[in-house]
Every structure is written in structure tokens, then in C-alpha cells.
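Single-structure report; data block below.
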Amino acid sequence: MASFVKFNSFIEKLGRGAINLNSDTLKVALTNTAPTVATDDELADITQIANGNGYTTGGTAVGSNAYSQTSGTGKLTGNDVVFTASGSMGPFRYAVLYDDTATGDPLIAYWDYGSSVTLASGETFTVDFDATNGILQLS
């Protein structure tokens, strides 16, 4: 299972209202370079994998993202993101979640898959969001 890591700047931008988890377009981008949670702030700080062969620079949108709160715990949910290779795609190790609506494309979090992945043509890779706990929870 991939490890979830939030960016420090996400908490500040959320608190200042720069990110709206319920209505903004959220996307997942792929990289093979380890993000730095203390200093990486926006998508431009991430070295994405090469455009092409099934990957589009900027990544793929999270469908149907929604943010709700129950008993003081907020939960972000959304549809899984699937990448399909149309040639060799990768390598990548990290899937980075960011806000494509807010100015500067602020980073939210990333998942570390533990080792690099390269997809052959026709293979898929799914960023599988937890059906029970959602993409992330805040309490």
C-alpha cells in the first residue's frame, strides 16, 4: 500500500481559503523525483514524468471530488485516477495530488509507492483512493 504524505504548505493554504476541496478541480500528477514536503509548494516544484505515451503533463483530474464533515472530522472523497499507457510510460514512484483551480496549482499531498513503476503499452496504473476513509481526513 502506498504511503500518504501531506505537504506543509497545504495546511496554510487550506486555512487561508486558497484551496476549496469541495469545488476546485483536483488532479494527480506523476513524478519519479521525491517531493520535499517542507519546501515544495506548487506543481511547478515537481519534476513530472515525460509527456506522452498515456501521460499528459499536469496529470489527470480526480472525478467527483467532494468534501464533507461529520462529528468534527472532514473527509475528502473522489473517484480513483487511472493512467493507461499507450507506449512505455514512466518510470514514476510518486503520485502527487494538487489543486488545479487555485492560483499556482498548490500541492496537497502525495503517495509514495515504494519503488519506481514503468508501464508497458496497454497497462494501467490506478491511484486507488480509500473507499472508507476517502482521499484524506482532517480532524
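The values are calculated or read from the model by the stated rules, or taken from the named source; none is laboratory data. No experiment lies behind these values; they were computed from the predicted model shown. Here the Cβ positions follow ideal geometry from the backbone for every residue, glycine too, while neighbour counts run over all protein chains shown. Ligands, DNA and RNA are stripped out before the accessible areas are found, and what is left, the full protein with its side chains, is counted by its heavy atoms. Shrake-Rupley method; radii C 1.70, N 1.55, O 1.52, S 1.80 Å.
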Residues in region 40-55: is at least one without any contact (Cβ under 8 Å) to a residue 12 or more places away in the chain and more than 22 Å from Gln137 (Cα to Cα)?
-> yes
Answer yes or no as to whether Ala66 is exposed (fewer than 14 other Cβ atoms within 10 Å of the Cβ) and either at pLDDT below 95 or over 18 Å from Leu136 (Cα atoms) (or both).
-> no
Of those in region 83-115 that are free of Cβ contacts under 8 Å to residues at least 60 places away in the same chain and open to solvent by 40 Å² or more (accessible area, probe 1.4 Å), the residue farthest from Met1 (Cα to Cα) is Ser86
Go through region 24-137 and tell me which strands (runs of 3 or more DSSP E), entirely inside it, have 1 or more residues that are more than 15 Å from the chain's Cα centre (by Cα) and farther than 16 Å from Lys13 by Cα.
-> 66-70, 73-77, 81-84, 89-99, 107-119, 124-127
